[in-house]
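Chemist: For reference, the structure I am asking about is given below.
The values are calculated or read from the model by the stated rules, or taken from the named source; none is laboratory data. Model, not experiment: these values are computed from the prediction. For neighbour counting, all protein chains shown are included, and Cβ atoms are generated from backbone atoms with ideal geometry for every residue, glycine included. Surface accessibility is based on the protein's heavy atoms, side chains included, excluding ligands, DNA and RNA. Shrake-Rupley method; radii C 1.70, N 1.55, O 1.52, S 1.80 Å.
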Amino acid sequence: AFVVGESVKASLGSAMERSVRADYIVSDNLPEVDFPKTLVDDLRQMNGIDTVVGFTHFEARVGGSVTDVVGLDFDQVGAVLDLDVSDGSFLADATHRVVVSDGEAAASGAVIGDRIVIETADGYRVEATVVGLFHDQAILTEDYLLDSSILTEAGVPLTADWIALSIVDGASPATVGTLVTEIAERHPYADVETTEEFQDRMKGTIDGMLAMLNVMVALAVVIALIGIANTLALSVLERTRELGLVRAVGMTRRQVRRMVRLESVLVATFGATIGVGLGLVFGLGVVGALPSAFSSNPSVPIVPILVVIVIAASAAVVAAWLPARRAGHLDVLDAIAH
């Protein structure tokens with residue numbers, strides 16, 4: 001869980017730094033309430049805002065199969081996002097423009113200039129021209145990007161799911177602060193965040209998704225500690241005569257308790273080390289199996305892993321308390337005669 005979560009967050013961070021040119025991201029903090037259709041136009045009318053691009057997600061039949069597509073303003077997107085166009089251009093001269101991901105193009109054989117039939121849920125049908133291929137799917141994970149003019153012609157509401165906007169060059173911090181406050185006051189259901197704040201929130205979402213896995217790991221640790229305590233208790237019982245003999249030759253009660261606790265720490269540390277090793281192997285395997293858009297940068301969080309090992313060793317001392325106490329209180333003669 002640590003490896004997968006850290007890798008996804010690292011990939012998200014590098015993708016945001018590489019791809020996002022916008023100054024602010026406006027997202028909907030009330031999923032049940034859609035942005036108004038006029039929000040993008042309203043933002044464009046505000047003083048101090050240079051470029052506004054809304055991203056509308058919907059389903060359409062493309063090439064005979066239903067898939068998720070994104071509608072956006074091709075003429076403006078370059079100012080807020082760098083989607084790493086590997087061939088062609090968003091600004092190509094065509095009536096109906098569509099940009100396809102490299103992976104989908106390789107799978108379907110699409111090339112620049114091809115005509116793709118797109119059909120919306122309302123039955124609108126159009127032949128769009130492939131004007132570009134893009135590589136970076138970390139920000140937009142869909143395979144097909146449509147020019148917003150197609151959505152307008154098809155009657156698809158331009159209700160943006162999220163919006164990227166950039167501030168005019170040279171705007172003072174006071175002006176920017178006033179602008180952000182004004183947007184928040186006009187649209188209280190919207191989160192207006194810098195790209196860094198948006199990135200931090202996405203990382204927090206990933207941490208929240210992994211929280212359940214961490215709870216399961218904690219339960220597994222508790223069960224393991226109970227197993228260590230039981231193992232040590234049986235060990236003390238089976239080695240009663242041995243403990244009596246070492247006491248008879250001079251070992252003190254404190255030394256006996258220390259010996260049992262040390263055994264517990266060794267068992268826990270050995271188990272935690274083996275578990276961490278296997279966890280790293282499986283974690284890196286999962287990261288390798290994920291799409292490159294989600295995990296292009298495998299990352300191993302060394303500090304949290306070391307903390308887990310230290311916690312396991314420390315908890316083992318607690319688990320060994322009762323067995324160590326019983327071993328230290330054994331009567332020497334009774335133990336030898338056992």
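Chemist: Report, in deg cm²/dmol and to the nearest 500, the calculated mean residue ellipticity at 222 nm for the chain, where each DSSP H run with n ≥ 4 adds -39500 (n - 2.57) and the sum is divided by the residue count.
Modeler: Rounded to the nearest 500, the figure is -17000 deg cm²/dmol.
Chemist: Accessible area, 1.4 Å probe, largest first: how do Asp147, Asp84 sort?
Modeler: Result of the area sort, largest leading: Asp84, Asp147.
Chemist: How high is the FRET efficiency between Thr67 and Leu213 when r is their beta carbon distance and R₀ equals 41 Å, given to the nearest 0.05?
Modeler: Efficiency for this residue pair is about 0.85.
Chemist: Would you mind checking the tilt of helix 173-186 against the longest principal axis of the Cα atoms of the chain, expressed as 0 to 90 degrees and rounded to 10?
Modeler: 90 degrees
Chemist: Quick one: compute a quarter of the convex hull surface over the Cα atoms of region 40-177 and quote it in nm².
Modeler: 8.7 nm²
Chemist: Sticking with this structure for a sec: Cα axis of helix 2-19 to longest principal axis of the chain: angle in degrees, 0 to 90, nearest 10?
Modeler: 30 degrees
Chemist: Report, by chain and number, residues whose modeled amide H sits under 5 Å from the one on Ser299, excluding near sequence neighbours (fewer than 5 apart, same chain).
Modeler: Excluding prolines and chain starts, which carry no amide H, the hits are Ser7.
Chemist: Please name whichever of Thr205, Tyr189, Thr231 sits farthest to the positive end of the charge dipole of region 172-238, dipole taken about the Cα centre and charges placed at Cβ: Lys and Arg +1, Asp and Glu -1.
Modeler: Thr231
Chemist: In nm, to one decimal, how far is the Val249 label point from the His135 one, both placed 7 Å along Cα→Cβ?
Modeler: 7.0 nm
Chemist: Which value, in Å² and to the nearest 10, is the accessible area of His96 when all protein chains are kept and the probe is 1.4 Å?
Modeler: Ignoring ligands and nucleic acids, His96 comes out at about 30 Å².
Chemist: Using a 1.4 Å probe, how large is the accessible area of Lys37, given in Å² and rounded to the nearest 10?
Modeler: 130 Å²
Chemist: Using only Cα atoms and rounding to the nearest 10 degrees, what angle (0 to 90) does helix 302-319 make with the longest principal axis of the chain?
Modeler: Long axis of 302-319 versus the principal axis of the chain: about 30 degrees.
Chemist: Under the Kirkwood approximation for Rh and a Cα-based Rg, what ratio Rg/Rh is obtained for the chain?
Modeler: Taking Rh as the inverse mean 1/r over Cα pairs, Rg/Rh reads 1.23.
Chemist: Over the chain, with the other protein chains present, what is the accessible area per residue in square angstrom, probe 1.4 angstrom?
Modeler: Here the per-residue accessible area is 53 Å².
Chemist: Show the residues, 5+ positions off or on another chain, whose built amide H is closer than 5 Å to the amide H of Asp50.
Modeler: Amide H neighbours of Asp50, under 5 Å, 5+ apart: Ser166, Ile167, Val168.
Chemist: Going out from 0 in 5 Å bins, what whole percent of all Cα-Cα distances in region 202-255 drops into each bin?
Modeler: All Cα pairs considered, the percentages come to 5, 16, 12, 13, 10, 8, 8, 7, 6, 6, 5, 3, 0.
Chemist: Could you check how many percent of all C-alpha pairs in region 136-179 are farther apart than 11 Å?
Modeler: Roughly 78 percent, once rounded to a whole number.
Chemist: To continue, here is another question. Multiplying the sequence separation of Glu196 and Ser89 by 0.36 nm and subtracting their Cα-Cα distance, what value in nm do you get?
Modeler: Values: separation 107, 0.36 × 107 = 38.52 nm, distance 2.78 nm.
Gain on extension, Glu196 to Ser89, equals 35.7 nm.
Chemist: Moving to a separate point now. So for Leu133, Leu72, what's the accessible-area order with a 1.4 Å probe, most first?
Modeler: Descending accessible area places them as Leu133, Leu72.
Chemist: Suppose we take every Cα in region 23-110 and form the convex hull; what volume per residue is that in Å³?
Modeler: Per residue, the Cα convex hull of region 23-110 comes to 146 Å³.
Chemist: Now for a different question. Which whole number in µm²/s is D for region 179-338 by Stokes-Einstein, with the Kirkwood Rh taken over Cα pairs at 4 °C and 1.567 mPa s?
Modeler: Result for D is 65 µm²/s.
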